[in-house]
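Here's the structure, in structure tokens; my notes come after.
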Amino acid sequence: MAEKLLEGKKGIVFGVANRRSIAWAIASRLSEAGARLAFAYQGERLRDRVEELVATLPEPSPLYSCDVTRDEEIQAVGAALARDFTSIDFLIHCIAFADKADLERDFIETSRSGYLLAQEISSFSLTACSRMAAPLMRSGGSIITLSYLGSVRAVPRYNVMGVAKAALESSVRYLAVDLGKGAIRVNAISAGPINTLAARGISGFADILRIVEEKAPLGRNVEVEEVAAAALFLASPLSSAITGQVLYVDCGFNILGL
Ligand code: NAD
Ligand code: IMJ
């Protein structure tokens, strides 16, 4: 049988909250491809749920608590990875947060604190996590984050998250330049709408799914497994010349003018 794509590779996944999380779909796919995984979850509130999910993987995986607003917790993850894995080959960043109120009223009403919160958690955390991980990627590596079309288009109610995703996608390019010399690649996947915890609370989300289904060139919404397959590609040597990119996995919706 052909060698698995990620046989012998190790990495860390940030952003599993529950079984619907995009991070979980990616973790499952990378694990299937032979990778060994570590998980960083937001805080003790999530530990039991993440533990339960991770127990279903074929190999035991270390779990670390990490609130990305705390530098010392990110540093502790670096130390734990050095201890448990010695080196890593990939980092998956699936983290976003904004104050719910900022996703419900007009963008112009965004508060200073709400703006900074969205930037800190949804954008700066990629840079902080990359700085932690890069020294562990001794033979090169792949860093992957998740974005959304609201970074480059004004999507109703995405608001402050759109501005944070614009900064995230720009960070991908600057990080790709800094880390390229160490053969570390940095890319984003811009996924179409998927029914996860981060999407379900949004009023009108069902309408958004319906509009995409109606208009997207492929005439349907994206499946989370399709996002995971793109992540496998970007984590694997198949994408060895691809860095600094935003790869749309959205059934073609982003190409439309009207
Ligand atoms: P999710 O709610 O399952 O994942 C979001 C994660 O962010 C959670 O695991 C949460 O614990 C984590 N998080 C929030 N604040 C944190 C903090 N301070 N420290 C550490 N972790 C923190 O939802 P999801 O849809 O899987 O979201 C994952 C990524 O995918 C996000 O970046 C989101 O913007 C992006 N995305 C989602 C969609 C969609 O429609 N669901 C589409 C495109 C992109
Ligand atoms: C989120 C808000 C508005 C429109 C939206 C979304 N569309 C999509 C999303 C069209 C697809 C989901 N998405 C891409 C996100 O990045 C969501 C981020 C998010 C969601 C919440 C909900 C609960 C909360 N804070 C949040 N912060 C970020 O309190």
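The values are calculated or read from the model by the stated rules, or taken from the named source; none is laboratory data. Every value quoted in this text rests on a predicted model; they were computed, and no experiment measured them. FYI the Cβ positions are ideal-geometry reconstructions off the backbone, even for glycines, and counts take in every protein chain you see.
Annotations
- Taking the range 21-46 as the range and being in a loop (DSSP other than H, G, I, E, B), near ligand 1 (Cβ under 7 Å from one of its atoms) and within 18 Å of residue 230 (Cβ to Cβ) as the test, only 21 passes.
- Search result, residues across the range 114-130 that are surrounded by fewer than 19 Cβ atoms within 10 Å (Cβ to Cβ) and more than 17 Å from residue 188 (Cα to Cα): 114, 115, 116, 117, 120
- Listed by position, the helices (runs of 4 or more DSSP H) contained in the range 71-154 that have at least 2 residues being of a type in the set (D, E, K, R) and modelled with pLDDT of 95 or more are 71-85.
- Matching option when the condition is in contact (Cβ under 8 Å) with a residue 40 or more places away in the chain and of a type in the set (Gly, Ala, Ser), among 31, 61, 65, 21: 21
- For residue 177, the conditions (1) out of contact with any Ser or Thr (no Cβ under 7 Å at 6 or more places or on another chain); (2) under 16 Å from residue 96 (Cα atoms); (3) touching a residue at least 60 places away in the same chain (Cβ under 8 Å) all hold with the exception of (2).
- Qualifying residue in the range 86-94 (condition: surrounded by 15 or more Cβ atoms within 10 Å (Cβ to Cβ), more than 12 Å from ligand 1 (Cβ to nearest atom) and of a type in the set (Ser, Thr, Tyr)): no
To keep it simple, each residue is scored yes or no on (1) surrounded by 19 or more Cβ atoms within 10 Å (Cβ to Cβ); (2) without any contact (Cβ under 8 Å) to a residue 40 or more places away in the chain.
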residue: 183; (1), (2): no, no
residue: 189; (1), (2): yes, no
residue: 223; (1), (2): no, yes
residue: 230; (1), (2): yes, no
residue: 240; (1), (2): no, no
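- No other residue among 240, 236, 190, 203 is of a type in the set (S, T, N, Q) and modelled with pLDDT under 95 apart from 203.
- Within the range 142-163, being of a type in the set (Ser, Thr, Tyr) and more than 27 Å from residue 184 (Cβ to Cβ) holds for one residue alone: 158.
- On the stretch given as the range 73-122, residues that are closer than 22 Å to residue 145 by Cα and among the charged types (D, E, K, R) total 5.
- Only one entry in 208, 202 is within 13 Å of ligand 1 (Cβ to nearest atom), more than 15 Å from the chain's Cα centre (by Cα) and part of a helix (DSSP H, G or I), namely 208.
- Residues located in the range 155-192, provided they are of a type in the set (Gly, Ala, Ser), more than 15 Å from ligand 2 (Cβ to nearest atom) and part of a helix (DSSP H, G or I): 170, 171, 176, 180
- Checking residue 234 against (1) in contact (Cβ under 8 Å) with a residue 60 or more places away in the chain; (2) within 19 Å of residue 88 (Cα to Cα); (3) crowded, with 19+ Cβ neighbours inside 10 Å; (4) touching a helix residue (DSSP H, G or I) at 6+ places or on another chain (Cβ under 9 Å), the condition it does not meet: (4)
- Of all the residues in the range 1-43, those that are at pLDDT 95 or above and among the acidic types (Asp, Glu) number 2.
- Extreme residue, farthest from residue 98 (Cα to Cα), among residues of the range 195-207 that are within 7 Å of ligand 2 (Cβ to nearest atom) and touching a residue at least 12 places away in the same chain (Cβ under 8 Å): 205
- Filter result for the condition that a residue is touching a residue at least 60 places away in the same chain (Cβ under 8 Å), under 21 Å from residue 170 (Cβ atoms) and touching an Asp or Glu at 6+ places or on another chain (Cβ under 8 Å), over 128, 118, 96: 128
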